[in-house]
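Before any comments, here is the structure.
The values are calculated or read from the model by the stated rules, or taken from the named source; none is laboratory data. Everything numeric here is computed off the predicted structure, so don't read it as measured data. Virtual Cβ from ideal backbone geometry, glycine too; neighbours counted across all protein chains shown.
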Amino acid sequence: MPQLVVASHNRKKLAELQTLLQPLGWDARSVAEFSATVPEETALSFVENALLKARHATQVSGLPAIADDSGLEVDALAGAPGVYSARYAGADASDADNNRKLLEALREVPASKRGARFVSALVFLRHAADPVPLIAIGSWRGRILEAPQGNNGFGYDPLFYVEALGCSAAELDSASKNRISHRAQAMAQLLTQLQAVHA
């Protein structure tokens, strides 16, 4: 079974990516098995940050790597928190800290102006010097609630309301989320690219 390394120390994100990668039949291992170092996300775009993480993962593991950089873009905040989503409330912020800061930033914003989208950039590298990385981007529209709803998922899921389903992302079971989320959309594109390359 071919192996690849997933460039994430986030256990919930790792589990989500491993599930999404199952159609490939690859053994997806965490970068945490090879290094405790988390590369600094210094870039200004999701794609560039994903490339930084994927390169580090290939360097420490010697395996092909897949990396995700994702976040929440809120219309009323000019796209913030964006690439800073995981550290919106500070370097060591918890999901709850970030959610509280987001609610405070939107305190005066009416429901009709609380549009947002989750974005996921997925990158696949065969090795650290791969000159042709595979890149896929997924986007999931919704709006920001005025209070958290649901206990599933992670990050901003409790505040992200999916109009078509009438619930928050945190009220979806993992199977449902993995069919429609930003990361699921990006992974579907990436799998198509990988299957074409390996055909």
Output for the range 135-176, where each listed residue is out of contact with any Lys or Arg (no Cβ under 9 Å at 6 or more places or on another chain), of a type outside the set (Ser, Thr, Tyr) and part of a strand (DSSP E or B): Ile135, Ala136, Ile137, Cys167
Using beta carbons and a limit of 7 Å, which pairs, at least six apart or on different chains, have the first residue in the range 144-157 and modelled with pLDDT of 95 or more and the second one in a loop (DSSP other than H, G, I, E, B) and of a type outside the set (Gly, Ala, Ser)? Ile144/Leu106; Ile144/Arg114
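Let me confirm something: among Leu134, Leu125, which residue is closer than 24 Å to Ala7 by Cα, touching a Pro at 6+ places or on another chain (Cβ under 8 Å) and of a type in the set (A, V, I, L, M)?
Exactly one of Leu134, Leu125 is closer than 24 Å to Ala7 by Cα, touching a Pro at 6+ places or on another chain (Cβ under 8 Å) and of a type in the set (A, V, I, L, M), namely Leu125.
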Selected residue [hydrophobic (A, V, I, L, M, F, W, C), touching a Pro at 6+ places or on another chain (Cβ under 6 Å) and part of a helix (DSSP H, G or I)] from Leu4, Leu52, Leu20: Leu52
The one condition in (1) buried (at least 21 other Cβ atoms within 10 Å of the Cβ); (2) within 15 Å of the chain's Cα centre (by Cα); (3) assigned to a helix (DSSP H, G or I); (4) not small (Gly, Ala, Ser) that Leu72 fails to fulfil: (3)
I'd like the full set of residues that are in contact with a strand residue (DSSP E or B) (Cβ under 6 Å, 6 or more places away or on another chain), touching a residue at least 40 places away in the same chain (Cβ under 8 Å) and of a type in the set (S, T, N, Q), limited to the range 164-199. Ser181, Gln185, Gln189, Gln193
Answer residue from the range 27-38, given it is within 17 Å of Leu17 (Cβ to Cβ) and at pLDDT below 90 and is surrounded by the most Cβ atoms within 10 Å (Cβ to Cβ) among those: Ala28
What are the pairs, 6+ residues apart or on separate chains, where a residue within the range 88-109 that is under 11 Å from Tyr156 (Cβ atoms) has its Cβ under 6 Å from a residue that is among the polar types (S, T, N, Q) and surrounded by 11 or more Cβ atoms within 10 Å (Cβ to Cβ)? Tyr88/Asn98
Considering the range 147-188 alone, what residues qualify as being acidic (Asp, Glu) and over 15 Å from the mean Cα position of the chain (by Cα)? Glu163, Glu171, Asp173
Out of the residues in the range 152-182 meeting the condition of being in contact with a Pro (Cβ under 9 Å, 6 or more places away or on another chain) and of a type in the set (Ser, Thr, Tyr), tell me which one is surrounded by the most Cβ atoms within 10 Å (Cβ to Cβ). Tyr156
Cβ-Cβ distance below 8 Å, separation of 6 or more or different chains: which pairs start in the range 1-30 with a residue that is free of Cβ contacts under 8 Å to residues at least 40 places away in the same chain and end on one that is among the aliphatic types (A, V, I, L, M) and exposed (fewer than 15 other Cβ atoms within 10 Å of the Cβ)? His9/Val38; Gly25/Met1; Trp26/Met1; Asp27/Met1
Only unsatisfied item for Ala57, checking (1) closer than 21 Å to Ala196 by Cα; (2) over 15 Å from the mean Cα position of the chain (by Cα), is (1)
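Can you find a residue in the range 118-135 that is surrounded by 14 or more Cβ atoms within 10 Å (Cβ to Cβ), over 25 Å from Gly62 (Cα atoms) and free of Cβ contacts under 8 Å to residues at least 60 places away in the same chain? Walk me through it before giving the result.
Initial filter on the range 118-135 (surrounded by 14 or more Cβ atoms within 10 Å (Cβ to Cβ)): 118-126, 128, 130, 133-135.
Applying the additional criterion that residues be over 25 Å from Gly62 (Cα atoms) yields 118-119.
Of the ones still in play, those that are also free of Cβ contacts under 8 Å to residues at least 60 places away in the same chain are none.
Scanning the range 118-135, I find no residue that is surrounded by 14 or more Cβ atoms within 10 Å (Cβ to Cβ), over 25 Å from Gly62 (Cα atoms) and free of Cβ contacts under 8 Å to residues at least 60 places away in the same chain, so the answer is no.
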